[in-house]
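Following: one structure in C-alpha cells, then a few remarks.
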Amino acid sequence: MPLTIPHPSWVAAATDGPLEPEAGPIVARFDLRDTTGESIRTAGRPADIPLLDGHRVVVLDSPSFRRTWNIGRTYPTMRPSVTLDRVLPEEEARMWSSRVTPAP
C-alpha cells in the first residue's frame, strides 16, 4: 500500500486543531480489516475485533471506495493518539503476515 501523507490540517482536525480542516473534506487513506479479511466497523468497539492468539490485530488495507468526512473528531475534548510500541523484526512480521487472510 503506498504511503500517502495526510494534509496537516486533517491531522490537526483529528487531534487538537480546528474541527473543520482548512484543506476541505478528510479523505480516507485505508480500510480497517481483521485477520480474516473482514471489514472492521469504524463505529464498532475494540471487543468487536476477533482475537488471534490473544491479540486483536488490525490490518490496514487499501481503501475499497472513496469516502470523505468534514469534521475531524467526534469528541472535541478527547485527544486521540497512536503509539508505536516497537517495530517487528522481519521474521516476526513474516509470521504475522502469513496468518492474515486477504480481503475478499
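Please check: in the Gaussian network model of the chain (C-alpha springs, under 10 Å), which one of 44, 72, 17 has the largest mean-square fluctuation. So, out of 44, 72, 17, the one fluctuating most is 44. On full extension, the segment bounded by residue 39 and residue 22 gains 3.1 nm, given 0.36 nm per residue less the C-alpha separation. The Rg/Rh ratio of the chain, with Rg taken over Cα atoms and Rh as the Kirkwood radius over Cα pairs, comes to 0.99.
You can think of it this way: the chain between residue 53 and residue 68 has 2.0 nm of extra reach, that is 0.36 nm per residue less the Cα-Cα gap.
Among 30-40, 56-66, 84-94, sorting by the average number of other beta carbon atoms lying within 10 angstrom of each residue, highest first, gives 30-40, 56-66, 84-94. For the stretch 9-104, relative contact order (Cα pairs under 8 Å, six or more residues apart, normalised by length) works out to 38 percent.
FYI, it's all coordinate maths here, none of it is from the lab. Since the structure is predicted, the reported quantities are computational estimates derived from the model, not experimental observations. When we count neighbours, we look across all protein chains shown, and the Cβ atoms used for this are built from the backbone with ideal geometry, even at glycine.
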